[in-house]
Amino acid sequence: MEFTQELRAVYPTEIIEVRGNANALAITLVRETNAKSFIAKLKNRFKNLNQPRVLFIRCEGIEAVEKIVLV
C-alpha cells in the first residue's frame, strides 16, 4: 500500500489531507488532534522503514508546522 494511502487508512479521523511527493509529505490534521501525540503515534507505528520519510505536520487553523523524519 502506498504510504500516503496507508496514513489515511490508519488515521481517518485525525488527518484531513496528505500531499507531497517522494521527498516529503505535508499532513494537515483535524483541529482537535493533538499534534505531539499524533507524532508520537507515527514514530511508534512507522519505525524501521526501508527509506526515511520526511513529514511536515500542522493542525487545521494553526500556522505552526512540525518537521519530523521517520526512519
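Can you pull out the residues in the range 33-71 that are aromatic (Phe, Trp, Tyr) and closer than 16 Å to Val10 by Cα? Result: Phe38, Phe46. Of all residues in the range 47-71, those satisfying the criterion of being more than 17 Å from Arg31 (Cβ to Cβ), under 10 Å from the mean Cα position of the chain (by Cα) and of a type outside the set (A, V, I, L, M, F, W, C) are Arg53, Lys67. Being out of contact with any Pro (no Cβ under 7 Å at 6 or more places or on another chain), of a type in the set (A, V, I, L, M) and surrounded by fewer than 11 Cβ atoms within 10 Å (Cβ to Cβ) holds for only one residue in Ala40, Ala64, and it is Ala64.
The numbers here are math on the coordinates, done by the rules we state, and not lab data. This is a predicted model, so every value here is computed, not measured. Counting neighbours? That spans all protein chains shown, and the Cβs are built from the backbone with ideal geometry, glycine included.
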